[in-house]
Structure formats: C-alpha cells, structure tokens
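Participant: The structure's right below; bear with me while I get my questions together.
The values are calculated or read from the model by the stated rules, or taken from the named source; none is laboratory data. Quick caveat, the model's predicted, so the values are computed rather than measured. Using ideal geometry, Cβ is built from the backbone for each residue, glycine included, and neighbour counts are taken over all protein chains shown.
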Amino acid sequence: MAVTMKRTIGRLGFSTVLIFCLILPAARGDETSEEKIRALFEGAIAAMGGDAYMGVRNIVSEGQFFMFNNRGESSGLIKFTDYTRLPDKSRFELGNKKSELEITIFDLEKNEGWIMEGELEAREATEDDMKSFWAAANHSLDNILRFRWNDPQNKLFYLGAGEGADVTREVVRLIDPGNDEVVVYFDRISKLPVKVESQRVNERGVRVRMADEYSQWHKIQDILTPMRIDSYSNGRRSSQQFFLKLSYNNNLRDDLFSRPASKTKKK
C-alpha cells in the first residue's frame, strides 16, 4: 500500500494502545514470543502476496479522501493522486481542481521536502513538516512490513490478543532506538495486518492517540491490497481514504520527487 505519509491528510495516523498497561509483554529474546512475532509478520507478508509484495518498489494510486471535524462532519469528497517510491520518497496531490491542488513532496534520502498550494510559489518544508513526514514513514504499514519489523535495532513485543472489538486479533508492539513505537494488529483468520496504532505530539505539545484501519482488500498484480483506510485521532474518525486506481512498479520519473515548478497565473 502506498505509503500514506502525508502532512496534509494525516493519512498514516497512529496511536498508543491502552492495553500496554494491562498486559505484561514478552520481549524479543523470549523464544516462544519471538517465534510468534516472526510467524505473524511472515504470515501477513505471505497473505499479501509473498515475493510479489516484497518486490514492490513504487506505488501509484488515485482515489477519494474525506476529512472529518470534531463534530463528525465531513469535508466532502476530495480527489487525490499519490506517488510513493519505497521506502522514503513521496509526492501527494490533493484537490478537486488543478488550480487549487496542494502538492506535498518529500525525499527523506536527501532530507528535503516542498509544499505548493495552488499557484503559489513552492516553499521548503519546515522542520516540523519534516518531522511529521519522518514519523509517517516510520509508521507506514508498507515500511513496517518490508523493512522495520526485521531490523535488529528495533525491539518487538508480543502482546497476545487484543481487547473488545480486537479480541480476534493478535497484537505486536515495535519500539525503535528513538523510543518511537507502533502497534500492529493481525487478523487471526486472514493473517492480514488490519490496524496500526501509534501516537504523535500535536502543535500544543499534547500526545494524540492515532490509528489506521485497513479494509476492502483486493488483489492487484498478485498483491492483496487494502482499498480503504479509516483513520482515527483519540478514538474519533479523522479521515477516510478510498482507492479507485492503484498500480505497482511503475516507471516513475525522478523529477516527481524534486521541487515542483511554480505555475504562472494567466492574465
């Protein structure tokens, strides 16, 4: 799935799971837990397409995006186009009219980013923009499955079954050397990764619990792909994303991930 790594829409929202306080986790090093963790991730990768899934280098997608305010009111349909080159490059175009597009580009390999709104001059991403995108990339389901879970620098904890609506799911927590953590939920029957939780600090310095839920799975180019993502902030729905078109391993130009050329207004 395209790395849903966008400042504008919080596509890859995440949160800290409350069961941390209720379950004593078994860390990597416990042979039984380590075997369970490996089985969950390898099972998920196999369910999503195995070698075909692991062979993905880039993703292009188009779809519809809905944002929700604190009262649950929708912004209405907003079109998007997303270009992702794994693991660290992204171009996201959001808007219903070309003249009003917000284009967000990040290249973490070079630690660069740009944002262009409508026909305004493109500006460089701020330090906060870059931090947000780094977090989104780290919390991306695609990056977790392809790169992060098997990184020896990261610690993994098997948390067992979830609670409430998640009781049919098995849960793993990942913590990196910077103490950033994500929680992945695996469906016991399908083996698919169906939810990712984490947390972020908002502009007021308050920690916010975030979650992404993945559904409506379809096979595309031999890869089982979630065509819907529901995102939550502190338990409230914050956005919905529906993919209408998606393709893997496209011939993407390098300049897609460079500073966008500004548009000249017609007189």
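Participant: Could you list all residues from the range 41-66 that are in contact with a Lys or Arg (Cβ under 7 Å, 6 or more places away or on another chain), under 13 Å from Leu244 (Cβ atoms) and not small (Gly, Ala, Ser)?
Facilitator: Glu62, Gln64 - these are the residues of the range 41-66 that are in contact with a Lys or Arg (Cβ under 7 Å, 6 or more places away or on another chain), under 13 Å from Leu244 (Cβ atoms) and not small (Gly, Ala, Ser).
Participant: While we're looking at this one, here's another question. If you go through the range 117-126 one residue at a time, do you hit one that is of a type outside the set (S, T, N, Q), under 27 Å from Val183 (Cβ atoms) and surrounded by fewer than 17 Cβ atoms within 10 Å (Cβ to Cβ)?
Facilitator: Scanning the range 117-126, I find no residue that is of a type outside the set (S, T, N, Q), under 27 Å from Val183 (Cβ atoms) and surrounded by fewer than 17 Cβ atoms within 10 Å (Cβ to Cβ), so the answer is no.
Participant: Of the residues that make up the range 152-167, is at least one among the charged types (D, E, K, R) and either more than 20 Å from Glu213 (Cα to Cα) or in contact with a strand residue (DSSP E or B) (Cβ under 7 Å, 6 or more places away or on another chain) (or both)?
Facilitator: yes
Participant: Still on this model: Could you check the range 129-140 and list, in sequence order, the residues that are in a helix (DSSP H, G or I) and in contact (Cβ under 8 Å) with a residue 24 or more places away in the chain?
Facilitator: Within the range 129-140, Asp129, Met130, Ser132, Phe133, Trp134, Ala135, Ala136, Ala137, Asn138, His139 meet the criteria.
Participant: Cβ-Cβ under 9 Å, sequence separation 6+ or interchain: first residue in the range 26-40 and within 18 Å of Lys191 (Cβ to Cβ), partner of a type in the set (Lys, Arg) and modelled with pLDDT of 95 or more. Which pairs?
Facilitator: Leu40/Lys191
Participant: More than 18 Å from Leu40 (Cα to Cα), touching a Gly at 6+ places or on another chain (Cβ under 9 Å) and modelled with pLDDT under 95: is that true of Arg200 in this structure?
Facilitator: Details: more than 18 Å from Leu40 (Cα to Cα): yes; touching a Gly at 6+ places or on another chain (Cβ under 9 Å): yes; modelled with pLDDT under 95: yes.
When the stated conditions are applied, Arg200 passes them.
Participant: Only one of (1) farther than 24 Å from Pro87 by Cα; (2) in a helix (DSSP H, G or I); (3) touching a Pro at 6+ places or on another chain (Cβ under 6 Å) is not met by Asn143, so which one is it?
Facilitator: The one condition Asn143 does not meet is (1).
Participant: So, Glu181, is that one surrounded by 17 or more Cβ atoms within 10 Å (Cβ to Cβ), more than 20 Å from Asp212 (Cβ to Cβ), in contact with a Ser or Thr (Cβ under 9 Å, 6 or more places away or on another chain) and of a type in the set (Asp, Glu) or not?
Facilitator: Considered against the rule, which asks whether it is surrounded by 17 or more Cβ atoms within 10 Å (Cβ to Cβ), more than 20 Å from Asp212 (Cβ to Cβ), in contact with a Ser or Thr (Cβ under 9 Å, 6 or more places away or on another chain) and of a type in the set (Asp, Glu), Glu181 comes out as no.
Participant: When you scan the range 183-235, how many residues do you find that are in contact with a Phe, Trp or Tyr (Cβ under 6 Å, 6 or more places away or on another chain), assigned to a strand (DSSP E or B) and more than 23 Å from Phe66 (Cα to Cα)?
Facilitator: Summing the residues that are in contact with a Phe, Trp or Tyr (Cβ under 6 Å, 6 or more places away or on another chain), assigned to a strand (DSSP E or B) and more than 23 Å from Phe66 (Cα to Cα) in the range 183-235 gives 2.
Participant: Given the criteria within 16 Å of the chain's Cα centre (by Cα), surrounded by 14 or more Cβ atoms within 10 Å (Cβ to Cβ), within 18 Å of Ile45 (Cβ to Cβ) and of a type in the set (A, V, I, L, M, F, W, C), does Leu156 qualify?
Facilitator: No; evaluated as a whole, the condition is false for this residue.
Participant: Hey, which of the strands (runs of 3 or more DSSP E) in the range 58-122, taking only ones fully inside, have at least 3 residues that are acidic (Asp, Glu) and without any contact (Cβ under 8 Å) to a residue 24 or more places away in the chain?
Facilitator: Hits in the range 58-122: none.
Participant: Condition check: of a type in the set (Val, Ile, Thr) and more than 14 Å from the chain's Cα centre (by Cα). Does Ile229 satisfy that?
Facilitator: no
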